[in-house]
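K.L.:
Dropping the structure in here first, questions after.
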Amino acid sequence: PIGYEKLEYIQSTGTQYIDTGFKADYNTRFTADFMLNSTSTAYVFASRGASSENFKNAVGILWNGTNFRSDYGSIRGAKITGPITGVRYDVDKNKATCRIGTETVTNSPSSFSGTLNVYLFGCNEGGSLTYPASMRLWSFAIYDNSELARDFVPAKRSSDGAVGLYDTVTGAFFGNSGTGAFVAGPVVSVADELTY
């Protein structure tokens, strides 16, 4: 829309995050295109009430330095062999099934309703940011019971130069809720759009 520049990606340094404003449940599907920039433990996206809840009512993708872990409901430990940093991955976490790149794991179905908004570039744990990620993000979408609820596009707001994600579903700009600022990727030109 007018007033925004579309970017190829946005990049965090480990202190930035985005509150998606969305509470997940067992019908939620997430798709993402991302690349980690660090081997430190970090969430690509997640929410959970508290660490003591053993991931009850939780959802997310955690990189633990060796592999990705897909958490869903009260399930823990479904693992996907990890990459090295600088590798671009796409995620399709659909209900109890999670695909990262070419690997897929399926957990036992679990019914739950999340009590907290899902954070991007980290985990919303009890209302606080935990395990923030140093990460590059090209796209992120959320489906609520098969209906598209968020379609995030990397963008830069012209009025103040803020870098974040523009949601084509709600028409809202989601900026950084953390400290510092996201790094802006290259601007997507009209010629690039037409070629695509």
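The values are calculated or read from the model by the stated rules, or taken from the named source; none is laboratory data. Every value quoted in this text rests on a predicted model; they were computed, and no experiment measured them. Note that we place each Cβ from the backbone using ideal geometry, even for glycine, and neighbour counts take in every protein chain shown. Ligands, DNA and RNA are excluded from the accessible area calculation, which covers all protein heavy atoms including side chains. Shrake-Rupley method; radii C 1.70, N 1.55, O 1.52, S 1.80 Å.
K.L.:
Ignoring everything but the protein chains, give the 1.4 Å probe accessible area of residue 19 in square angstrom, nearest 10.
P.N.:
For residue 19, the solvent-accessible surface is approximately 50 Å².
K.L.:
Taking R0 as 25 Å, what FRET efficiency do you get between residue 40 and residue 90 from their Cβ-Cβ distance, rounded to the nearest 0.05?
P.N.:
On the way: r = 22 Å, r/R0 = 0.86.
Once the sixth-power term is evaluated, E becomes 0.70.
K.L.:
A further question follows. Show me the ranking of peptides 106-117, 34-45 by mean Cβ neighbours inside 10 Å, starting with the highest. The partial results should precede the final answer.
P.N.:
Values: 106-117: 14.8, 34-45: 20.3.
Top of the packing list down: 34-45, 106-117.
K.L.:
On to the next question. Please work out how much accessible surface residue 5 shows to a 1.4 Å probe, ignoring ligands, DNA and RNA, in Å² rounded to 10.
P.N.:
80 Å²
K.L.:
Here is a follow-up. If DNA, RNA and ligands are ignored and the probe is 1.4 Å, what is the ranking of 68, 173 by accessible area, most exposed first? Could the numbers behind the result be given before it?
P.N.:
Details: 68 0, 173 40 Å².
Largest to smallest exposure gives the sequence 173, 68.
K.L.:
From the helices alone, meaning DSSP H stretches of at least four residues, give me the mean residue ellipticity at 222 nm for the chain, per-run term -39500 (n - 2.57), in deg cm²/dmol to the nearest 500. Each step should come with its number before you reach the end.
P.N.:
On the way: 1 runs with 6 residues, N = 196.
Here the helix-only value at 222 nm equals -500 deg cm²/dmol.
K.L.:
Something else about it: Could you state the orientation-averaged shadow area of the convex hull built on the Cα atoms of the stretch 1-60, in nm² to one decimal?
P.N.:
Details: hull surface 24.6 nm².
Averaging across all directions leaves 6.2 nm² for the Cα convex hull.
K.L.:
Sort 87, 187 from largest to smallest accessible area, using a 1.4 Å probe on the heavy atoms of the protein chains.
P.N.:
These residues rank, largest area first, as 187, 87.
K.L.:
Next question, about the same structure. Can you give me the relative contact order of the chain as a percent, contacts being Cα pairs under 8 Å and 6 or more apart? Please list the in-between numbers first.
P.N.:
Numbers: 546 pairs, mean separation 65.6, N = 196.
This gives 33 percent for the chain.
K.L.:
Per residue, how much accessible surface does the chain expose to a 1.4 Å probe? Answer in Å², no decimals.
P.N.:
45 Å²
K.L.:
Oh, and also: Here are some pairs, 79/156; 23/156; 6/79; 23/79; which of them have Cα atoms lying more than 27 Å apart in this structure?
P.N.:
Details: 79/156 35 Å; 23/156 25 Å; 6/79 34 Å; 23/79 23 Å.
Long pairs (Cα-Cα over 27 Å): 79/156; 6/79.
K.L.:
Percent of accessible area on the chain owned by carbon and sulfur, 1.4 Å probe?
P.N.:
Values: 4120 of 8850 Å².
Of the solvent-accessible surface of the chain, carbon and sulfur hold 47 percent.
K.L.:
Stick to the Cα atoms of the chain, pair each with every other, and give me the Kirkwood hydrodynamic radius in Å at one decimal.
P.N.:
Working: mean 1/r = 0.0600 Å⁻¹.
Evaluated on the chain, it is 16.7 Å.
K.L.:
Rounded to the nearest 10 Å², what accessible area does residue 25 show when all protein chains are kept and the probe is 1.4 Å?
P.N.:
Surface accessible to solvent at residue 25 totals approximately 40 Å².
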